[in-house]
1. For K108, work out the one condition from (1) open to solvent by less than 40 Å² (accessible area, probe 1.4 Å); (2) assigned to a loop (DSSP other than H, G, I, E, B) it doesn't fulfil.
2. For the range 251-260, state whether one or more residues are part of a loop (DSSP other than H, G, I, E, B), open to solvent by 30 Å² or more (accessible area, probe 1.4 Å), under 27 Å from Q216 (Cα atoms) and not polar (S, T, N, Q).
3. Given H14, H36, which one is more than 21 Å from the chain's Cα centre (by Cα), in a loop (DSSP other than H, G, I, E, B) and more than 27 Å from I337 (Cβ to Cβ)?
4. If a residue must be assigned to a loop (DSSP other than H, G, I, E, B), among the β-branched types (V, I, T) and closer than 20 Å to V35 by Cα, how many such residues does the range 133-165 contain?
5. What number of residues in the range 274-309 are out of contact with any Leu (no Cβ under 9 Å at 6 or more places or on another chain), of a type outside the set (D, E) and open to solvent by 20 Å² or more (accessible area, probe 1.4 Å)?
6. Can you tell me which residue within the range 314-326, out of those that are under 15 Å from V51 (Cα atoms) and in a loop (DSSP other than H, G, I, E, B), is most open to solvent (accessible area, probe 1.4 Å)?
7. Residues that are assigned to a loop (DSSP other than H, G, I, E, B), in contact with a Pro (Cβ under 9 Å, 6 or more places away or on another chain), touching a residue at least 12 places away in the same chain (Cβ under 8 Å) and not hydroxyl-bearing (S, T, Y): does the range 175-182 have at least one?
8. Regarding the range 403-418, can at least one residue be identified that is at pLDDT 90 or above and more than 22 Å from N145 (Cα to Cα)?
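The values are calculated or read from the model by the stated rules, or taken from the named source; none is laboratory data. Not measured: the values here are computed from a predicted model. Using ideal geometry, Cβ is built from the backbone for each residue, glycine included, and neighbour counts are taken over all protein chains shown. For the accessible areas, the whole protein counts, side chains as well, though only heavy atoms, and no ligand, DNA or RNA atoms are used. Shrake-Rupley method; radii C 1.70, N 1.55, O 1.52, S 1.80 Å.
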Amino acid sequence: MSWHPQYRSSKFRHVYGKAASKDKCYDCVPITRNVHDNHFCAVNPSFIAVVTECAGGGAFLVIPIKQTGKLDPHYPKVCGHKGNVLDVKWNPFNDFVIASCSEDATVKIWEIPNQLLNRNITSPKQELLGHARRVGLIEWHPTANNILFSSGYDYKIMIWNLDIEDTVLSKPVKIIDAHRDVVLSMSFNTDGSLLATACRDKKIRVIDPRAGTVLQEASYKSHKANKVLFLGNMKKLFSTGTSGWNNRQIALWDQNDLSVPLLEEDLDGSSGLLFPIYDSDTHMLYVVGKGDGNIRYYEISPEKPYLNYLMEYRSPLPQKGIGMMPKRGLDVAACEIFRFYKLIPTKSLIEPISMIVPRRSESYQEDIYPLTAAAQPALTAQEWLNGVNKGPLLVSLKPGSGPMSSLPQFLEPELLTETTDLSQQQGGGRKTALEDMQNPREIKESIKRLRVEEELLSAKQMCFSNGFDIFECPPPKTENELLQMYYRQQEEIRRLRELVNQKEVQIKQLVLKLRNLCVDPGNY
């Protein structure tokens with residue numbers, strides 16, 4: 001396993017996987033027998049979609065998330081494709097819109113009614129006709145509304161603007177023709193300005209999707225990549241594949257230098273594919289093996305050794321595919337930080353697996369639930385196509401919270417200044433991207449409120465350490481207790497620094513907004 005020190009401070013060292021009880025699983029589901037290397041499952045807080053077996057074309061099931069137990073054999077399907085469905089993905093900003101792609105070389109957009117299905121859905125909301133051969137992958141843009149990427153066996157990646165209201169779209173807004181073989185995997189960075197791909201020619205590429213140009217290309221011989229993933233804002237890529245000896249292998253890369261991996265490690269000699277899944281909120285990486293029942297999970301750190309092995313969830317039942325619940329659908333009362341939906345075709349079963357941080361308290365644990373991506377887009381499709389980059393809107397998982405920011409969680413102040421200067425040069429001093437306030441008085445009040453919050457936070461820190469009252473907590477009596485207290489305090493200091501950095505970025509944004517108001521008051 002990955003090298004790790006004897007003692008390492010982490011909130012997630014004891015995370016464990018818990019399979020749902022039989023009555024909370026989805027039974028008698030006819031899971032597809034297609035051998036394509038995809039997840040075959042997509043989940044949101046309202047529905048679970050799974051590709052199914054269907055005679056005379058392709059179909060998938062859309063099951064309400066709370067409708068567990070045995071599935072009716074005559075349950076309605078979404079069946080409009082003429083070939084096998086290869087991939088399904090929910091719109092991240094609309095729980096009732098799903099995209100599917102198929103061997104019939106089409107991509108279809110479906111609108112799911114909010115009441116229980118009583119008949120098959122055969123008419124899509126939109127149909128995308130552009131690929132010459134079957135379409136194997138689709139991905140929604142992470143921050144822009146109604147931007148969809150599709151990749152086919154014609155070696156092309158196409159970008160579609162679904163804001164166009166035509167029912168049939170035959171012209172994508174952009175075609176990326178940078179590959180000489182089939183694209184096996186696509187992944188976006190946090191703001192969707194970069195696209196990483198893994199290709200059947202065993203090369204990893206980092207692409208500017210709007211320009212269609214390849215920025216970086218890896219031609220490392222001893223690692224044959226099948227899947228690639230951006231690791232949030234860490235400016236690193238993670239890939240899974242095989243070594244020269246056909247062992248399953250993982251590798252970590254610097255996104256600005258793909259000549260040699262930062263880390264390379266053989267896992268085992270199994271033949272099944274490895275699906276990498278990254279949670280940017282907790283910095284945890286999950287590696288799911290296709291054809292086995294294992295889920296390995298690691299914690300990513302920005303410095304060596306980069307990859308810290310935590311634990312492995314094991315099950316005797318092999319998985320064919322996997323679905324992931326968005327963070328807004330988790331049970332925060334049970335300290336659930338991730339949830340998988342495991343497809344088990346041998347038993348026609350979909351089994352939820354919850355990753356849980358063991359905590360005694362039943363109250364909301366703010367330290368393991370940082371701000372996460374909300375279900376609202378940060379940009380319109382046209383804004384993104386025009387060159388605007390913006391991080392996801394952030395929201396707290398605490399019940400009753402709303403969207404709080406449109407910045408990435410760890411945005412560097414220098415990057416913010418450069419972006420603002422660029423927008424002023426392009427627009428001749430027009431308004432900045434974040435326009436939540438309407439007049440200077442509101443901006444000044446917001447700055448004042450943020451500073452008051454910082455003062456309260458520092459005052460609170462004087463009395464509390466990692467959630468414990470230091471006046472009530474007895475002093476450590478042994479060296480081991482002293483070490484534990486020290487590491488808890490270090491973790492708390494790191495978390496508070498991150499919070500202060502976020503507040504400073506917000507204050508700088510508001511100051512820039514105020515400056516723009518003074519320069520160009522006529523637009524307000």
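1. Among (1) open to solvent by less than 40 Å² (accessible area, probe 1.4 Å); (2) assigned to a loop (DSSP other than H, G, I, E, B), the lone unmet condition for K108 is (2).
2. Taking every residue of the range 251-260 in turn, at least one turns out to be part of a loop (DSSP other than H, G, I, E, B), open to solvent by 30 Å² or more (accessible area, probe 1.4 Å), under 27 Å from Q216 (Cα atoms) and not polar (S, T, N, Q).
3. H36
4. Total meeting the criteria: 0.
5. 3
6. Out of the qualifying residues, it is K320.
7. Within the range 175-182, none of the residues are assigned to a loop (DSSP other than H, G, I, E, B), in contact with a Pro (Cβ under 9 Å, 6 or more places away or on another chain), touching a residue at least 12 places away in the same chain (Cβ under 8 Å) and not hydroxyl-bearing (S, T, Y).
8. Scanning the range 403-418, I find no residue that is at pLDDT 90 or above and more than 22 Å from N145 (Cα to Cα), so the answer is no.
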